[in-house]
Number of protein chains: 2
Amino acid sequence: MVFGSTAEGVYNLYALNLSKGETFKITKEPPHLYAKTSRISPYVVYTLDVSKGFELVKLYAINLNTLELVDVSREVPPQRVVGVGFDGVRVAWSGSTKEAAGIYLTKVPDGEPELIAKTKGREFVTDVSGNYIVGFGHLRDNPYSMEIFVIDLKSNEFKVVTPKEGSTNTSPRIKDNDVFFVSDFKTLDKERLYSFNVSSEEFKDVTFESSDLIAYDPTEIVNYGWSDAGELWVIGKRDGRTKLFLNGREIPTPKGFITDADLYEGKAYIAFSSLKEPPKIASVDLTSGEVKVVIDNKLPEEISKKFGEVLFVRFRSFDGLEIPTYVLKNAEVSAPGPTVIYPHGGPWSEVADSWSSFIAALTVLGYHVVAPNFRGSTGYGESFRKLDLGDPGGGDLLDVVYARDWAVKAGIAREDSVCIVGYSYGGYMTFIAMTKYPDLWRCGVAGAGVTDWREDYELADAYFKKFDEILFAGKLELFEERSPITYVENTKAPICIIHPQNDSRCPLKPVMKFAFKLMELGKPFELHVVPEIGHAISLDNKSLLKFFIYTGMFLKKHLT
Amino acid sequence: MVFGSTAEGVYNLYALNLSKGETFKITKEPPHLYAKTSRISPYVVYTLDVSKGFELVKLYAINLNTLELVDVSREVPPQRVVGVGFDGVRVAWSGSTKEAAGIYLTKVPDGEPELIAKTKGREFVTDVSGNYIVGFGHLRDNPYSMEIFVIDLKSNEFKVVTPKEGSTNTSPRIKDNDVFFVSDFKTLDKERLYSFNVSSEEFKDVTFESSDLIAYDPTEIVNYGWSDAGELWVIGKRDGRTKLFLNGREIPTPKGFITDADLYEGKAYIAFSSLKEPPKIASVDLTSGEVKVVIDNKLPEEISKKFGEVLFVRFRSFDGLEIPTYVLKNAEVSAPGPTVIYPHGGPWSEVADSWSSFIAALTVLGYHVVAPNFRGSTGYGESFRKLDLGDPGGGDLLDVVYARDWAVKAGIAREDSVCIVGYSYGGYMTFIAMTKYPDLWRCGVAGAGVTDWREDYELADAYFKKFDEILFAGKLELFEERSPITYVENTKAPICIIHPQNDSRCPLKPVMKFAFKLMELGKPFELHVVPEIGHAISLDNKSLLKFFIYTGMFLKKHLT
């Protein structure tokens, strides 16, 4: 079992030998992505940034027996890689540069990579096996749907597959001649597993011996896979928490969030966490149900004692829409008390009952944290997720504003002590909330955010150009209206801007311009440019620590 | 006795009742300047920034008996005030705005301020008494000389007084009908006390009963004054250390630096410090010589144990000139080891054997600190000080470069582990050293520095316009050649820029432009804008602490 960890300060891959229970470190630098491993190969395939954080990566394979490292991407120039599949012999991936995007195939360890298909930038390879490479993406150029693609390696034909036009289909994996995938085409706003037979072009429901999974009625399928014996395991999710199922039968797991599982000799090995517990690896005995922590991650008592109640609530936003929201209270701070509204990144992401170093740190710093899953968040069905398409910084922003109101009315936040802190899309939310609703916040911390969609778009590579087009549902004429720089004069409360120097997702340049404008306007601001790292600040504990130190010192001054 | 202290986190004035030995706090916000107190008045007169660090101040007087606070400057708009005199009844001061500069007079507590003279911006009022206001400045518009001015309050005549054209004359104080002052006109590069009789226009040497002071042969007179009995005390300085004299006789004081003295009931109360000891107040019994610490300032053992040897050396620079230099070694770090070259601010200032929170912090962070008093520094005679007039970033920069070479040859610095850290003019030195000599430094930290003399000049008020004109000796055409922005492409090593948002001496704007350029060039840099404070970062412990945290985290990464 391979897992990522920052246990030694920097995110690295580790291998856990499930027979011997021994762990050893595989990588020396933080990888970006890694492919599912294969029982038949000693290689672990992963991507490594070769651009100081700009997220231009090369692919590498490391032999777990010899720790010999192979450059898999070879002559292919460094790219943004967003999907990797590995069948033990072949590696397939989708990558993009500023100029082009494509899908590549090679053999491990010493094949020559071959360009299999030219693509548009947001196609995610998920698997390669037998005659096929599969993946998914917005293949109809429709921001409101996602389709599966199947590439026949005999003909290099790139086939777009969807059980129903307009539905959302993701996470395909190949099992013999079938392509399994996750879809909401039959059950609106609920994901189920289906299979597609490439020869017969027939779609089938995936059925299970036990009815536990159906009874659980998951909103999302987080992950799935097969045991060596061919049994299908599924991680389902509802309201930010997960359950694990084997052949449809529920395997008892701790309350919280499981991201991955591996079945081996009568045990399920799971990676799990919660808002109050950092990620651990545990084994669940499939017979007795006994849960044993295999790799622990204990917080010091002086930290964990600050974590108070976890609430999951739904409040009504401006238009009556219910906004599912997680709250982590500080156990040592009275309520109502100083509170941070934390809009998550993405926007197609969510705050679940899973570990978030941002939320944990903000709580430990002495605040209640309210994390609304504003419209556009994942986890609550595709209708909800699609609500911000063509409307970023619109309804989702109002949801964040209403989260503040709710927190005050609920007796969590003290009216005059509410701050907004976010990273990435959450940094954008912070900028736009502080410029469009300047009177609501005592202060704000915008990490790696967006201040100018137009300039971000111009600076973006194929992948992020496509991202912006999807997010705005093609309405690029909204760029100015939805950009914080347009409203910079309105800024009132002190704002702390923290930005990685080499951020290729949310580039530094427009943010520097925003800060320059704040300076010229004489607005109170604090600016920190964190050098030589990219957007993915969590890969490096030292950089993340810097973020928390700057944030902590700033909040300590302005939010009491 | 009134003294300033950051004992409670923020610089404030405190009063020490010399009879009772009791101390109490006078001010609630950090004052900028305060006038010498008068035995006949309960008022303490000081200036207070009303511009969030932009150094536009108002004058206030506080009654030590009632703690009643009076706005002394009244209708006079907030200005940069650079000199204040107080005779117990009247307050005189020199101030400037972007538009104009002048000398003002009022009565405490309830006079109406009157503009006594229009000036050019760099005139320093030092005293008011009887019929006169006195001060000094570059009154001939000659950057190479300083003259005394005497304003006759009957006629408002502004008289420029100098014992010899081209000499440097400073610190006038009125005693009866005589104006005492410090001058080098007879003893080149050595300061002595003289008096000038305003009626007879006669100059006289000030003579003493004891010959100790003459034998000590001070380079500078740091301060002087009279006891209630009319005895003259003088603090003399040589090579960065001071001695105290009463009527010319040496009073034994600890090794280090005394900035001020007050004589009361057979004791001299002194404010003293050294590179290893933060400022304290002590009493010296004039009969027994016994020294007692009255207000202590003890460092924790885990801090003080890091302070190693203090060296005072002179090394030869590029042209053979001897550069006096203080070194504070870290006791726990081997030599040669990682070393910081610390060019001081000013440039008309020096590193002496007196407390410097910058040097102390850099040492505690784990480095040897080498602080060259490059040409242009005070403390070594006027010829030496004037060497950088018309040549900033020229010879002085080479002295800093040679300090690095010396430190390596002396076995203090490890060749590949030398960094440069400076604040204000030292920040300028850091920028220019890292752009003109990019291969010499592992990294650098530039605090509140200058990147573009031209833009600084355009943004400056009357005082700092004059400052730049004097520093460049009128050769403003050198601005581009001596500006770091001109060489920004050369930057190689990582640079950490820390700048106060509201700095009115070294404005943020050109520094933001420099950072923007670094960003565009893809150079490794870290940027911190510290909000809502001005140039004088030491006034606020929290801001100073931020400076050291940013510096410490940066150096920890780059300087090992």
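Tabulated data
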read-out	value
Qualifying residue in the range B:391-412 (condition: touching a His at 6+ places or on another chain (Cβ under 7 Å), assigned by TED's automatic domain parsing to the domain that holds B:Glu469 and not hydrophobic (A, V, I, L, M, F, W, C))	no
Qualifying positions in the range A:528-550 - at pLDDT 90 or above and either in contact with a Leu (Cβ under 6 Å, 6 or more places away or on another chain) or within 16 Å of A:Pro484 (Cα to Cα) (or both)	A:Val529
Flag for A:Thr47 being among the polar types (S, T, N, Q), touching a His at 6+ places or on another chain (Cβ under 9 Å) and not assigned by TED's automatic domain parsing to the domain that holds A:Glu265	yes
Residue within the range B:161-183 that is surrounded by 20 or more Cβ atoms within 10 Å (Cβ to Cβ), in contact with a Leu (Cβ under 8 Å, 6 or more places away or on another chain) and outside the structural domain of B:Met146 (by TED's automatic domain parsing) present	no
Options B:Glu350, B:Glu290, B:Glu277; residue that is of a type in the set (D, E, K, R) and without any contact (Cβ under 8 Å) to a residue 60 or more places away in the chain	B:Glu290
Strands (runs of 3 or more DSSP E) contained in the range B:189-271 and holding at least 3 residues among the hydrophobic types (A, V, I, L, M, F, W, C)	B:220-226, B:232-238, B:241-246, B:257-264
Inter-residue pairs, beta-carbon under 7 Å, first within 11 Å of another protein chain (Cβ to nearest Cβ) and in the range B:542-553, second open to solvent by 10 Å² or more (accessible area, probe 1.4 Å), 6+ apart	B:Lys542/B:Gly9; B:Ser543/B:Ile533; B:Lys546/A:Met553; B:Ile549/A:Ile549; B:Gly552/B:Leu365; B:Met553/A:Lys546
Flag if B:Tyr60 is within 18 Å of the chain's Cα centre (by Cα), farther than 23 Å from B:Asn156 by Cα and in the same structural domain as B:His138 (by TED's automatic domain parsing)	no
Hits in the range B:312-345 (condition: assigned to a strand (DSSP E or B), under 19 Å from B:Ser417 (Cβ atoms) and open to solvent by 40 Å² or more (accessible area, probe 1.4 Å))	B:Lys329
Top-ranked residue of the range B:151-172 - restricted to ones that are among the basic types (Lys, Arg) and in a loop (DSSP other than H, G, I, E, B), ranked as nearest to the chain's Cα centre (by Cα)	B:Lys164
Per-region count, the range B:289-301, residues farther than 16 Å from B:Gly21 by Cβ and open to solvent by less than 80 Å² (accessible area, probe 1.4 Å)	4
Scope the range B:508-539; condition within 11 Å of another protein chain (Cβ to nearest Cβ), touching a strand residue (DSSP E or B) at 6+ places or on another chain (Cβ under 9 Å) and either open to solvent by 20 Å² or more (accessible area, probe 1.4 Å) or not in a helix (DSSP H, G or I) (or both); matching residues	B:Met519, B:Lys523, B:Pro524, B:Phe525, B:Glu526, B:Leu527, B:His528, B:Val529, B:Val530, B:Pro531, B:Glu532, B:Ile533
Check on A:Val313, β-branched (Val, Ile, Thr) and over 16 Å from A:Phe3 (Cβ atoms)	yes
Residue within the range B:229-240 that is in the same structural domain as B:Asn373 (by TED's automatic domain parsing), of a type in the set (Lys, Arg) and buried (at least 18 other Cβ atoms within 10 Å of the Cβ) present	no
Hits in the range A:254-280 - residues which are open to solvent by 30 Å² or more (accessible area, probe 1.4 Å) and in contact with a Lys or Arg (Cβ under 7 Å, 6 or more places away or on another chain)	A:Lys255
Hey, A:His558 touching a Leu at 6+ places or on another chain (Cβ under 6 Å), crowded, with 18+ Cβ neighbours inside 10 Å, within 13 Å of chain B (Cβ to nearest Cβ) and not aliphatic (A, V, I, L, M) or not	no
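So that you can scan it fast, the table gives a plain yes or no per residue for (1) open to solvent by 10 Å² or more (accessible area, probe 1.4 Å); (2) on the phi > 0 side of the Ramachandran plot; (3) not in a helix (DSSP H, G or I):
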{"residue": "A:Gly390", "(1), (2), (3)": "no, yes, yes"}
{"residue": "A:Val400", "(1), (2), (3)": "no, no, no"}
{"residue": "A:Thr430", "(1), (2), (3)": "no, no, no"}
{"residue": "A:Phe467", "(1), (2), (3)": "yes, no, no"}
{"residue": "A:Ala473", "(1), (2), (3)": "yes, yes, yes"}
{"residue": "A:Thr486", "(1), (2), (3)": "yes, no, no"}
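The values are calculated or read from the model by the stated rules, or taken from the named source; none is laboratory data. Remember, predicted model here, so these are calculated numbers, not experimental data. Cβ coordinates were reconstructed from backbone atoms using ideal geometry, including for glycine residues, and neighbour counts include every protein chain displayed. What goes into the accessible areas is simple: the full protein's heavy atoms, side chains included, and nothing from ligands, DNA or RNA. Shrake-Rupley method; radii C 1.70, N 1.55, O 1.52, S 1.80 Å.
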